[in-house]
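Below: the structure, in structure tokens.
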Amino acid sequence: MAISTKMQKAINDQINAEFWSAYMYLSMSAYFENRGLKGFAHWMRIQFREEQTHALKFLDYLAARGGKVELQPISPVATDWKDATDAFSETFEHEQKVTALINSLMYMAIEEKDFATQSFLKWFIDEQVEEEATALEILDKLKLINNHPQGLFMLDKELGARPLVEE
Ligand code: MG
């Protein structure tokens, strides 16, 4: 069954949103690199790669359904943050927005009785629970650290150990 024009457009928009996320995290990675926080920079670089994977999952799915992939321009991203806490509070807020986007897609798929898209989106629903939880966990630690150099140094080491999980 061919994918609807409405769903095709929504998925193309989501591909753009995922690439925008990738771009934002790459910008944060450069910001941390510049401040000598290599572990934070590494964590953000992995986040960048994960978002690219998300974009490609949507792209491949749309293509598999016989839809037309239409890549759109990527809007500019911020290049500066006040501190690590500021960057991670933006990360947490951003992931909550992404969750809302995924939920809207699911709602549309339910309305259209598009069962294949509902099944495809389930992975993203679960992924967003993880994304929000991880961002909040790091944000909470940063609030506790309250910009003390020792705490930042320790968290930098911890974030530097994040492995890349390809799915
Ligand atoms: Mg994503």
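The values are calculated or read from the model by the stated rules, or taken from the named source; none is laboratory data. Here the structure is a predicted model, which is why all the values come from computation and not from measurement. Cβ coordinates were reconstructed from backbone atoms using ideal geometry, including for glycine residues, and neighbour counts include every protein chain displayed. Calculation scope for accessible area: heavy atoms of the full protein, side chains included, ligands and nucleic acids excluded. Shrake-Rupley method; radii C 1.70, N 1.55, O 1.52, S 1.80 Å.
Numbers for the structure displayed
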item	result
Filter pass, LYS57 being of a type in the set (Lys, Arg), closer than 18 Å to PHE115 by Cα and without any contact (Cβ under 8 Å) to a residue 12 or more places away in the chain	no
Which numbered condition ASP126 misses (of (1) in a helix (DSSP H, G or I); (2) open to solvent by 60 Å² or more (accessible area, probe 1.4 Å); (3) within 16 Å of the ligand (Cβ to nearest atom); (4) under 18 Å from TYR25 (Cβ atoms))	(4)
Some residue of the stretch 114-123 being buried (at least 16 other Cβ atoms within 10 Å of the Cβ), more than 21 Å from ALA2 (Cβ to Cβ) and either of a type in the set (A, V, I, L, M) or more than 16 Å from the ligand (Cβ to nearest atom) (or both)	no
Output for the stretch 111-123, where each listed residue is among the basic types (Lys, Arg) and part of a helix (DSSP H, G or I)	LYS122
Residue that is farthest from the chain's Cα centre (by Cα) [pool: residues in the stretch 46-72 that are over 19 Å from VAL98 (Cβ atoms) and outside any helix (DSSP H, G or I)]	GLY66
Some residue of the stretch 62-76 being without any contact (Cβ under 8 Å) to a residue 12 or more places away in the chain, more than 30 Å from ARG35 (Cα to Cα) and either within 16 Å of the ligand (Cβ to nearest atom) or surrounded by fewer than 16 Cβ atoms within 10 Å (Cβ to Cβ) (or both)	yes
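Okay, residues lined up against (1) touching a helix residue (DSSP H, G or I) at 6+ places or on another chain (Cβ under 8 Å); (2) at pLDDT below 95; (3) open to solvent by 80 Å² or more (accessible area, probe 1.4 Å); (4) among the β-branched types (Val, Ile, Thr):
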{"residue": "TRP43", "(1), (2), (3), (4)": "yes, no, no, no"}
{"residue": "ASP80", "(1), (2), (3), (4)": "yes, no, yes, no"}
{"residue": "ALA87", "(1), (2), (3), (4)": "yes, no, no, no"}
{"residue": "HIS94", "(1), (2), (3), (4)": "yes, no, no, no"}
{"residue": "THR99", "(1), (2), (3), (4)": "yes, no, no, yes"}
{"residue": "SER104", "(1), (2), (3), (4)": "yes, no, no, no"}
{"residue": "GLU132", "(1), (2), (3), (4)": "yes, no, no, no"}
{"residue": "ILE138", "(1), (2), (3), (4)": "yes, no, no, yes"}
